[in-house]
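Heads up, the thing below is written out as structure tokens.
The values are calculated or read from the model by the stated rules, or taken from the named source; none is laboratory data. Because the structure is a prediction, the values reported are computed rather than measured. Cβ: placed from backbone, ideal geometry, glycine included. Neighbour counts: every protein chain shown.
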């Protein structure tokens, strides 16, 4: 049984301009101990996916639909009270995007770390000891509990929010762009920490990023999102070795690499509006195959492609939502 | 003012006849803790020598707090150097005052900032953002709009009439950065400082912006200073590279040679820190320097990198290493090569 099984997950927002389909029918499975990197451009719905799984969406949500099974139990429609007590943070924790800047500047690190534990009935001394253990496990000194956020550097603050997320020993940890505001060297140090934590605490990660090179640092499998949909998913070996979806191929071609020489290319055009997405395949206005091949006219711009199964090189199923593989 | 030729024999990597020449450039910020207390100096740029020729790009790479942004701003005289020489096109600009700079210097240099979400005025239309430098530098009214349209076309914001009346919030990050590039190039400057121009953008948009900068450079033979913390984006753009650490130059040389065989332990760590897309990465930890760059008000003695350096010796803690040539054209400040 997969640890997490997401089926046809949809999340729409109500905006003044209409319904924004931020997440529109996403399905995937995640095994225990696996790391799935979710990659996509700004506005592809990758952060919304994280919010949907942890159920921390904004107030203007107009539709939440689909199923999310965690350890075999449906959690998306479970009563909020029960989800809060049993699942969120205890089993599924998250490091939200830019959360290191959300630390309260006038409260000590220790106070903010133990707050959720104290509220759920853990004695204060015990909670403080847990916080110190957790800080130590992310490579920070125990006395950081007495410090204020402004006394820490960016890399240290990022370690603090990771410590907060692993303090309750969750099974699944969702990391939303955990290094995007950091320097390359600090980023590499944080990635080393994540690798080490994963092995030591037997964590399962969902790692959200827009950087395919960074994703390869952690990912056992990669899911590429485009305009609220999953374009392609497969094992890292398949995705980096033989990307199938034209969008994935475009992303790979646009990655600057340091050690190998290649001609860089980019995907022309912009990510489409999620309020009024293109008909058929949402990528077709930017797709080089659609532009070249007349036989695809009337197909890609009319019908939405289902996920076609490709022959995988390794264990995980390799799926691409593209009519080229029908 | 007579052309001035500097004696740069102590910094052989500097070509004194280049468009931009900095020699032992120093910018110390003074910080006062109280009214009567002695000022503390934050040594953001501390004796940096370099040169950028026309049509050439010098990449300046370092972590935040290495002084690379301060260096860029000093070179175009947004800041007044507190020491050393700064020559632009044969004329000394290190101590010129603002009115003198405005007469000839300001229109020949410009800058593209890191964050296109805050570098464009939200209440100004794209048309006005681009027209403003033309107004300031006295371009006649009849000519201005034509130049605004041409600038928009050059950064591929077409058709330009769709964009002149838009406001920054209506554009995506990549489009905004193109407006910033159009603004930086509209007066046909000779020297542009690009301060992390792609680090706030999606990876997929970065190549587009870099390609654009390269085109601008080819068309107008512009000298670029490309400031970044990510060497992999510099690769597609740069001729030479200068690595900075804690306000000092630690390595300088032709880009490919330095990246292929980095000499300074800091450069080695910087390069090691950058992943290439390869699924094998997940199986091994990266050998990067632990810790953070030092406080520039009170930098470590000797080599400033020694507290984080895996090869630190006794000498490194006491004496500051000079820049020495390790291979033809490649200079580094490290005691391993003495």
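Listed here are the strands (runs of 3 or more DSSP E) enclosed by segment B:20-83 that have at least 2 residues being surrounded by fewer than 21 Cβ atoms within 10 Å (Cβ to Cβ): B:20-31, B:40-52. Out of B:262, B:279, B:254, one residue alone is surrounded by fewer than 24 Cβ atoms within 10 Å (Cβ to Cβ), modelled with pLDDT of 95 or more and in contact with a helix residue (DSSP H, G or I) (Cβ under 6 Å, 6 or more places away or on another chain). It is B:262. In segment A:206-235, the residue that is nearest to the other protein chains (Cβ to nearest Cβ) out of those that are buried (at least 24 other Cβ atoms within 10 Å of the Cβ) and farther than 27 Å from residue A:269 by Cα is A:217.
When residue B:242 is tested against (1) under 15 Å from residue B:57 (Cα atoms); (2) part of a loop (DSSP other than H, G, I, E, B), exactly one condition is not met: (2). Within segment B:267-283, the set of residues being within 14 Å of residue B:293 (Cα to Cα) and more than 9 Å from every other protein chain (Cβ to nearest Cβ) comprises just one member, B:267. Residue check: residue A:87 meets all listed conditions (1) under 12 Å from residue A:4 (Cβ atoms); (2) modelled with pLDDT of 95 or more; (3) crowded, with 17+ Cβ neighbours inside 10 Å but one, namely (2). Once segment B:295-334 is narrowed to residues that are in contact with a strand residue (DSSP E or B) (Cβ under 9 Å, 6 or more places away or on another chain) and within 14 Å of chain A (Cβ to nearest Cβ), the residue that is surrounded by the fewest Cβ atoms within 10 Å (Cβ to Cβ) is B:295.
Annotation for segment A:171-178: at least one member residue is closer than 30 Å to residue B:267 by Cβ, away from chain B (no Cβ under 11 Å), modelled with pLDDT of 95 or more and in contact with a strand residue (DSSP E or B) (Cβ under 8 Å, 6 or more places away or on another chain). Please pick out the residue among A:187, A:132 that is more than 30 Å from residue B:243 (Cβ to Cβ) and either surrounded by fewer than 23 Cβ atoms within 10 Å (Cβ to Cβ) or facing chain B (nearest Cβ under 10 Å) (or both). That would be A:132, the only listed residue that is more than 30 Å from residue B:243 (Cβ to Cβ) and either surrounded by fewer than 23 Cβ atoms within 10 Å (Cβ to Cβ) or facing chain B (nearest Cβ under 10 Å) (or both). Only a single item in (1) within 29 Å of residue A:223 (Cα to Cα); (2) more than 14 Å from every other protein chain (Cβ to nearest Cβ) is not met by residue A:194, and it is number (2).
Answer yes or no as to whether residue A:250 is more than 14 Å from chain B (Cβ to nearest Cβ), buried (at least 17 other Cβ atoms within 10 Å of the Cβ) and modelled with pLDDT under 95. No: the conditions fail for residue A:250. The requirement of being touching a strand residue (DSSP E or B) at 6+ places or on another chain (Cβ under 9 Å) and either surrounded by 15 or more Cβ atoms within 10 Å (Cβ to Cβ) or within 13 Å of chain A (Cβ to nearest Cβ) (or both) is fulfilled somewhere in segment B:163-178, by at least one residue. In the condition set (1) assigned to a helix (DSSP H, G or I); (2) at pLDDT 90 or above; (3) within 14 Å of chain A (Cβ to nearest Cβ), residue B:205 is compliant with all but (2). In the set (1) without any contact (Cβ under 8 Å) to a residue 12 or more places away in the chain; (2) in a loop (DSSP other than H, G, I, E, B), residue A:136 fails one condition alone, (2).
Under the condition of being within 23 Å of the chain's Cα centre (by Cα) and farther than 21 Å from residue B:273 by Cβ, the residues counted in segment B:297-323 number 4. Filtering segment B:230-251 to residues that are facing another protein chain (nearest Cβ under 9 Å), buried (at least 24 other Cβ atoms within 10 Å of the Cβ) and under 26 Å from residue B:299 (Cα atoms) leaves only B:231. With the condition kept exactly as written, say whether any residue in segment A:71-82 is touching a residue at least 12 places away in the same chain (Cβ under 8 Å), farther than 19 Å from residue A:171 by Cα and within 14 Å of chain B (Cβ to nearest Cβ). Checking segment A:71-82: not a single residue is touching a residue at least 12 places away in the same chain (Cβ under 8 Å), farther than 19 Å from residue A:171 by Cα and within 14 Å of chain B (Cβ to nearest Cβ).
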